[in-house]
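Inspection log for the structure reproduced underneath, given as structure tokens.
The values are calculated or read from the model by the stated rules, or taken from the named source; none is laboratory data. Just so you know, these numbers come straight off a predicted model, no measurement behind them. For neighbour counting, all protein chains shown are included, and Cβ atoms are generated from backbone atoms with ideal geometry for every residue, glycine included. The protein model used for the area step is the full one, side chains on, heavy atoms only, and it has no ligands, DNA or RNA in it. Shrake-Rupley method; radii C 1.70, N 1.55, O 1.52, S 1.80 Å.
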Amino acid sequence: MNRRDLMKSALLSAGALPMQGALAAASERSKRPRRAFLLVHGAWHNALHWTRVAEALAARGHQVVAIDLPGHGLNARFPSAYVSGNAGAFGEERSPQADVTLEDCATAVVAALEKLQRGAGGAKPVLVGHSVGGAVITRAGELAPRLVERLVYLTAYCPLRLGSASGYGALPEAHTGYGETLFVGDPAKLGAVRIDPRGAPAYLEALREAYYQDVASADFLPFALTLTPDLPLSLWTSKTGATKERWGRIPRSYIRCTQDRAIAPALQDLMIREANVFTPGNAFTVESMEASHSPFASQPEKLAALLDGLR
């Protein structure tokens, strides 16, 4: 082979290296099993808030469904004072969805799991819950452990020893100094934990600082203005009834958010420890993100990559 041929061969080989790397990466992705994910939002949120994460997971080849829990999103019912803008009455009017229970929400999740499993050819879905959605997926896991491949708690409540999310919300570890003035009215009288997503600019900034501090104000507004004002009180106060024999046999992961001002890292770690004591033979796998309470808004690609990598 002459010098010209040698140089041509070297150039062709060098040009092939990036393509070979891309092909190898694609091959590695194709070896991963295609999974089904069911995404469960937290308090006041809805399926829409998962959009960017769902798109990123779908781009990785997974089947993804995000649902509106009863009382949220397209299932929400609104106080008439919220619609009319009557601020005084808004703090007094009983919630039209005060009758929505944790059991209603868990039952809706079980129905969605069954539907998703049929659509995924019988594969068990990965069930992801954010914030108070952790209480919902805990109850759903207890009701139907046969339907869940893995439970994933995204900076979420995992209420075991104290039973309910509110039990953990009352602990010293829960207090961060943020968000404590955001709540409207008396939850016991309203039948809901109420916020005002259409509040004054100062109120919305306090909401952002408590839940979305790593999201710019302009980017936060679409998330804020699609919130539902009322979290049915049962989701906060009802006990999940988790047992070792049912919930405790499902593999589980916890994604910690180290900058969370709503569920403080100390509280996340407490719930992880208690769950591991509850079922020492089936402990959490733990990942961490440097993120606020809302990584689906601030870091959707990174969150999707973490979910994609869970095994």
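Observations
- The condition of being touching a Phe, Trp or Tyr at 6+ places or on another chain (Cβ under 9 Å), more than 22 Å from Val136 (Cβ to Cβ) and without any contact (Cβ under 8 Å) to a residue 60 or more places away in the chain holds for only one of Ala200, Ala206, Ala216, that being Ala206.
- Flag for Arg34 being surrounded by fewer than 21 Cβ atoms within 10 Å (Cβ to Cβ) and either under 23 Å from Ile263 (Cβ atoms) or at pLDDT below 95 (or both): yes
- Note on segment 96-121: residues that are open to solvent by less than 50 Å² (accessible area, probe 1.4 Å), among the small types (Gly, Ala, Ser) and at pLDDT below 95 total 1.
- Residue among Ala54, Ala25, Ala81 that is part of a helix (DSSP H, G or I), farther than 30 Å from Ala188 by Cα, modelled with pLDDT of 95 or more and open to solvent by less than 60 Å² (accessible area, probe 1.4 Å): Ala54
- Given (1) in a helix (DSSP H, G or I); (2) modelled with pLDDT of 95 or more, number of the condition Gly88 does not satisfy: (2)
- Test: residue in segment 184-192 that is open to solvent by less than 20 Å² (accessible area, probe 1.4 Å), under 16 Å from Trp44 (Cβ atoms), in contact with a Ser or Thr (Cβ under 9 Å, 6 or more places away or on another chain) and assigned to a helix (DSSP H, G or I): yes
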